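A quick write-up on the structure given underneath.
The values are calculated or read from the model by the stated rules, or taken from the named source; none is laboratory data. The structure displayed is predicted, hence computed values, not measured ones. Cβ: placed from backbone, ideal geometry, glycine included. Neighbour counts: every protein chain shown.
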C-alpha cells in the first residue's frame, strides 16, 4: 500500500478510478531506480533533491518526442515509486562519534567559552573536539549526522526492474484506494480460493447467489469465467471504529483477487463524505509480483485460531473441518467457520463464531440463520452482542463466550449429539452379530457397521468371547493356552497372538492366567499369575 497523500484517482463522471501507471511511465520508473542506485554513499537530503528534480521534469514521450507537461498530480507518481523503493534502501548514520555525545561535548565547551561570535564558536568546537580526540571538522560533521536528511544511503538493492516496479505501484495504488471502501463486491473464477483468503484474513463477508443454478456456476468455473456467486466484504470504514489493522487486511485481499484468471470487483468508496463507485477487473493493469502468502496472517491472535488449536488437543470422536461446504440461505450462501464431523457415519454439526461485527452484520447473520433448513448449527456468540436469545429462538444452539470460546461448552454440546447418534445407531443394529473372523477388535466391528464402539454395548456375540476390547472365539483361546506356557518369551507369545490378528496381548494373556515379568523396556517373560 501507499500512504493516502500519494493516492492518484480520477473522479470523472462521479466515479472513483485509480490513475494507473502505464508503459509510457517505464522511463520514469527506470530513472527513479537509477536515482536510488546512484546516490549510494550520499546523504538522504541529496537523494530527496534529486527526486524533487524528477518531479518537476516534463514527462517524456516513449516514442521519442520532446515531452509533455506533467499531469497536476504526476509528482505523486515519482513519490509513489520512491516509497516502494524505500523498502529496499538502507540508511545509516555516518559519524566519527555518536551525535548525542558530540552535541553534549559541544554545548559544554560553548558554555565554558561563552560563544557569541563565529570565532568563539570555532574555539568551542576545537576544545570539544580535543576532549573527544577529534578534529573540529570531524566533530562538526558528527553534530547532526543523525538527522534524517543527513543519514547516508548505504545500500539500494531494488527487488524490481522498471516493469515490475510499475506492476507493484498499480497494485499498491488500488489497495490504497480500497482502504476507504465501505463495501466490496467480488466475483472470481476462483471463488473457493477467494473465500479461503477472506477467512484467513479474518474479514467480515457474505456470499450472494446471482446465478440460476449450480450447473451454470460449475460450467463457468470450469471455463475460467467469473463465478455466478458474488462475495460481499465489509470494508474498514463501515465498522464501529475503523481500524488500520482491518483496513490493511482488507486491502491485502486484492492480491488474491487479482491472482485469479478472471475477476470483477465493485467497491463503494467513502470519498471524504461522498459515496463513489470503484470498478476494477482482470483487464485493468493490476498484476501480483512477488505475491505475499496470505497464510502469514491466517489466525494470528484470532478467536478462531485459538479455538482450532485447542480443539485439536481434545480426544473426541469428532474431526474439526475448516471452511466446510457452503450452506444455501435463500438467495445467499453462508460458509460457517468450522464443521464438526462425526467419525462414525459422516454426520456434521456446523460451527459459527460471531465476534467482531457491526450491528447490521449481526442482523444479516440472524436472517441467514433463519433461512437455514435441516442443518445442525452451533453458534458461539460474543456476550457483548446480546444476540444469544435470538439465535436460540431460531432453534440453533448458542454458546456465549467472552475473549475465548470454552472447549468444555463445545464438547458438552457435541456429546449430546453423540448420545443421540449412539442411540440411533444402536437401534439399527441386530440383537446378535457373528463376525467371520477368529478374532476381531470391537473398533473394527464398529467401523464395519459405521457406528461407534458405544453403540455395540447391547449387542450379543454368541460365538465369541470379549477379551478386553477384542472378540475371540473360544477355540482360539484353547489353542493359545496349549501354545503359551509359563517361561515363554514375551516376543514369542506376541507372535502367536498375531497369527490370529490379536493386538491386545495384555488382555488375552491375563485371560489365559498369565502375567508379564518385564526385563527392561524391550522384553519380558510369561509367568503364571
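With respect to residue 473, determine if the residue is within 14 Å of residue 440 (Cβ to Cβ) and surrounded by 11 or more Cβ atoms within 10 Å (Cβ to Cβ). Outline the logic, then answer.
Details: within 14 Å of residue 440 (Cβ to Cβ): yes; surrounded by 11 or more Cβ atoms within 10 Å (Cβ to Cβ): yes.
Answer is yes for this residue.
For region 465-475, check the following and say yes or no: at least one residue is at pLDDT 85 or above, part of a loop (DSSP other than H, G, I, E, B) and not assigned by TED's automatic domain parsing to the domain that holds residue 494. Before you say what the answer is, go through the steps one by one.
To start, the set of residues in region 465-475 that are at pLDDT 85 or above comprises 465-475.
Next cut, part of a loop (DSSP other than H, G, I, E, B) only: 468-469, 473.
From what is left, the residues that are not assigned by TED's automatic domain parsing to the domain that holds residue 494 are none.
No, that holds for no residue.
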_Which condition from (1) surrounded by 14 or more Cβ atoms within 10 Å (Cβ to Cβ); (2) in a strand (DSSP E or B); (3) more than 51 Å from the chain's Cα centre (by Cα) is the one that residue 509 breaks?_
(2)
*Among the helices (runs of 4 or more DSSP H) lying completely within region 114-198, list those that include at least 1 residues that are free of Cβ contacts under 8 Å to residues at least 24 places away in the same chain and over 54 Å from the mean Cα position of the chain (by Cα).*
118-132, 136-143
*Kindly check whether there is at least one residue in region 430-441 that is crowded, with 18+ Cβ neighbours inside 10 Å and more than 30 Å from residue 345 (Cβ to Cβ).*
no
*For residue 45, indicate whether it is at negative phi and in contact (Cβ under 8 Å) with a residue 24 or more places away in the chain.*
yes
*Filter result (part of a helix (DSSP H, G or I) and more than 25 Å from residue 497 (Cα to Cα)) within region 418-448*: 418, 419, 420, 421, 422, 423, 424, 425, 426, 427
*Would you check if there is a residue in region 184-197 being within 19 Å of residue 9 (Cβ to Cβ) and in contact with a helix residue (DSSP H, G or I) (Cβ under 8 Å, 6 or more places away or on another chain)?*
yes
_Count of residues meeting criterion [part of a helix (DSSP H, G or I), in contact with a strand residue (DSSP E or B) (Cβ under 8 Å, 6 or more places away or on another chain) and exposed (fewer than 13 other Cβ atoms within 10 Å of the Cβ)] in region 1-28_ = 1
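Condition check ((1) surrounded by fewer than 21 Cβ atoms within 10 Å (Cβ to Cβ); (2) at pLDDT below 85) across all residues:
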| residue | (1), (2) |
| --- | --- |
| 206 | yes, yes |
| 214 | yes, yes |
| 250 | no, yes |
| 272 | yes, yes |
| 279 | yes, no |
*Does residue 62 meet the test of being outside the structural domain of residue 283 (by TED's automatic domain parsing), surrounded by fewer than 18 Cβ atoms within 10 Å (Cβ to Cβ) and at pLDDT below 90?*
yes
*Here is a list of conditions, (1) outside any helix (DSSP H, G or I); (2) at pLDDT 90 or above, and residue 516 meets all of them except one; can you say which number that is?*
(2)
